[in-house]
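Each remark here refers to the structure printed beneath this line.
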Amino acid sequence: MNLKIEIIGLPASGKTFFYNHLKKKLNSQKKNYIRTINLRNSFIKQYLKTKTTKSLLKKYAYKIYIKNFQIKSKFLFNKEYEDLNMFIKDNFKKNKNYNKILLLYKKYINSSDYSIERKSRMLKNFEVDLIGFKFLDNNFNFSVFDEGFFQKIFFKFEYKNNFKFSLNKQIKYLKLVPKPDLIFFFDTNIKTCLERSKKRKDGFLYDNNFIKKSKNDYFYKSIISFSKLKKITIIKLNGNSSLSKNYKIFLRTIKNYKNKK
């Protein structure tokens, strides 16, 4: 069994808070049959193993920069960034669906009013994660992703030019990307998410006007519908519940799957 698990939900719904708690608990309790996955780490691991034009020492130094800052570097690691982009292009050439997926994700990003720089950064991160998935070590019973491909389009933007990421595009995207076998859905009230987001120093911030107008139409319900159609089990978690309660639900679910093995 190699069960892939996604945690989905709105920004500030409790996903990352739970994921970090989950990672800590799994490590302390030595539950070696479950692992938490960061796709970027999988990508970097393969990049370091692959022979390119840059020395391994410089690539390791660049790895530290990526982990602590970002992928793109205009100055210090400019040549290493170019080398990494060549590695990405080579892998995209080997899979004809990658460009189709990227184009659809780009349309999703363009439905936001983010800055050009932020959109560019999100697209690059998406490329990295897509290739990172390709090189995953599958010798684990259960793998939990910090942000899977369903989550990447979960929030519904409202663009000032009224550009829409149509239902047809959503379904095309969901058909092409790597799919989870099990989903934990943080079904947290939008008002709670909004209040939490106000306390953040950085990261995602909701638009108050958008929330007022959107009512309950703030996420792509097609993800839930598509998952049910594909018979992907969805377990709801309450973002207002304690971490220990949600962790117990998570472990109980995994135990049921493990017993079926």
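The values are calculated or read from the model by the stated rules, or taken from the named source; none is laboratory data. Keep in mind that what you see is a predicted model, and the values were worked out from it rather than measured. A quick note on method: Cβ atoms are made from the backbone with ideal geometry, for glycine too, and the neighbour counts reach across all protein chains shown.
Quick one: would you say residue 15 is in contact (Cβ under 8 Å) with a residue 40 or more places away in the chain, within 14 Å of residue 147 (Cβ to Cβ) and not aliphatic (A, V, I, L, M)?
Details: in contact (Cβ under 8 Å) with a residue 40 or more places away in the chain: yes; within 14 Å of residue 147 (Cβ to Cβ): yes; not aliphatic (A, V, I, L, M): yes.
So residue 15 fits the description; yes.
For segment 93-108, name all the residues that are surrounded by 17 or more Cβ atoms within 10 Å (Cβ to Cβ) and closer than 26 Å to residue 63 by Cβ.
Selection gives 98, 101, 105.
For segment 229-261, name all the residues that are part of a helix (DSSP H, G or I) and farther than 19 Å from residue 142 by Cα. Step through it out loud before you land on a result.
To start, the set of residues in segment 229-261 that are part of a helix (DSSP H, G or I) comprises 229, 243-260.
229, 243, 244, 245 - these are the residues of segment 229-261 that are part of a helix (DSSP H, G or I) and farther than 19 Å from residue 142 by Cα.
Taking the conditions exactly as written (touching a strand residue (DSSP E or B) at 6+ places or on another chain (Cβ under 9 Å), among the hydrophobic types (A, V, I, L, M, F, W, C), touching a residue at least 40 places away in the same chain (Cβ under 8 Å) and in a loop (DSSP other than H, G, I, E, B)), does residue 165 satisfy them or not?
In short, no.
Residues in segment 233-261 that are buried (at least 18 other Cβ atoms within 10 Å of the Cβ) and among the aliphatic types (A, V, I, L, M): how many?
2
Can residue 56 be described as without any contact (Cβ under 8 Å) to a residue 60 or more places away in the chain and in contact with a Leu (Cβ under 9 Å, 6 or more places away or on another chain)?
For residue 56, the condition - without any contact (Cβ under 8 Å) to a residue 60 or more places away in the chain and in contact with a Leu (Cβ under 9 Å, 6 or more places away or on another chain) - is met.
Would you check if residue 37 is buried (at least 18 other Cβ atoms within 10 Å of the Cβ), of a type in the set (A, V, I, L, M, F, W, C) and either at pLDDT 95 or above or more than 30 Å from residue 232 (Cβ to Cβ) (or both)?
Answer is no for this residue.
I need a count of the residues in segment 177-196 that are surrounded by 17 or more Cβ atoms within 10 Å (Cβ to Cβ), part of a helix (DSSP H, G or I) and not β-branched (Val, Ile, Thr).
3
Taking residue 13 as meeting all but one of (1) part of a loop (DSSP other than H, G, I, E, B); (2) out of contact with any Ser or Thr (no Cβ under 9 Å at 6 or more places or on another chain), write down the number of the exception.
(2)
Residue check, residue 148 against (1) surrounded by 16 or more Cβ atoms within 10 Å (Cβ to Cβ); (2) at pLDDT below 90, all met but one. Which one?
Tallying (1) surrounded by 16 or more Cβ atoms within 10 Å (Cβ to Cβ); (2) at pLDDT below 90, residue 148 fails exactly one: (2).
With the requirement that a residue be basic (Lys, Arg) and surrounded by 17 or more Cβ atoms within 10 Å (Cβ to Cβ), what does segment 111-139 give you?
124
For segment 25-53, how many residues are in contact (Cβ under 8 Å) with a residue 24 or more places away in the chain and small (Gly, Ala, Ser)?
1
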